[in-house]
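To start, the structure itself, in structure tokens.
Only the coordinates and a few stated rules stand behind these numbers; no lab work does. All figures in this text were calculated on a predicted structure; none of them were measured in a lab. Here the Cβ positions follow ideal geometry from the backbone for every residue, glycine too, while neighbour counts run over all protein chains shown.
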Amino acid sequence: MATERRPDLSLYVDILRVLEALDAPHAIVGAFAATVYGITRTTVDIDVVVDLSEQQVQALVTHYPPPRYYADPEQIYFEIPSARSFDNPPVQCYTSCHL
């Protein structure tokens, strides 16, 4: 009998804890969030909308250093004014800023 393989959500949980510690407003969106409402869609990423200040960007980047993680502060700062996404597989972040 095959056993059910559960996804490893440790990075996801860690990111949420860091965002909470940084007091950065955020929301989980997309297919992952839809599962809470009973909508099943296969997904391989987690989409998060985050409102970051400059200090929070630097703290986030410091918490996820290379080479294990890709959190380029220049890319994040570049995307903040446009409120566009920056990819950080398996997590995709959408940024806005209240500077």
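Can we say R5 is without any contact (Cβ under 8 Å) to a residue 40 or more places away in the chain, assigned to a helix (DSSP H, G or I) and basic (K, R)?
So R5 does not fit the description; no.
Which of the residues that make up region 33-48 are free of Cβ contacts under 8 Å to residues at least 24 places away in the same chain and either among the aliphatic types (A, V, I, L, M) or within 21 Å of Y70 (Cα to Cα) (or both)? Spell out the reasoning first.
Filtering region 33-48 down to residues free of Cβ contacts under 8 Å to residues at least 24 places away in the same chain leaves 33-43.
Residues satisfying the conditions are A33, A34, V36, I39, T43.
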